[in-house]
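Encoded as structure tokens, the structure appears first; notes follow it.
No lab work stands behind these numbers, since they all come straight from the coordinates. These numbers come from a predicted model, not from an experiment. Cβ sites come from the backbone with ideal geometry, for glycine too, and all protein chains shown count toward neighbours.
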Amino acid sequence: MPEQVDHLPHYNTSPSGVECIEVVEHMTFNVGNAIKYLWRAGHKGEVKTDLLKARWYIEREISRLDKMK
């Protein structure tokens, strides 16, 4: 797959060499997306925008868990 699709630089920023998808594919959708936006914060677009997106997914996951009670 082309590098523009398969190994985007803003998801390969960890000094550990671990790619974001290797971690988040083991999580729920909402938690994985929150981690994705935290992971790339400051590496693509505005930091604040990525943090707000992460918060949105975290709040959505909290709501989902509350409904399961």
### Query
How much FRET efficiency would the formula 1/(1 + (r/R0)^6) give for His26 and Leu52, where r is the Cβ-Cβ distance and R0 is 35 Å, rounded to 0.05?
0.90
### Query
Where does each of 49-55, 20-26, 34-40, 62-68 land if you order them by average Cβ count within 10 Å, highest first?
34-40, 49-55, 20-26, 62-68
### Message
Under 26 Å between alpha carbons, and skipping anything fewer than 8 positions from Lys36 in its own chain: which lysines qualify?
### Response
Lys44, Lys48, Lys53, Lys67
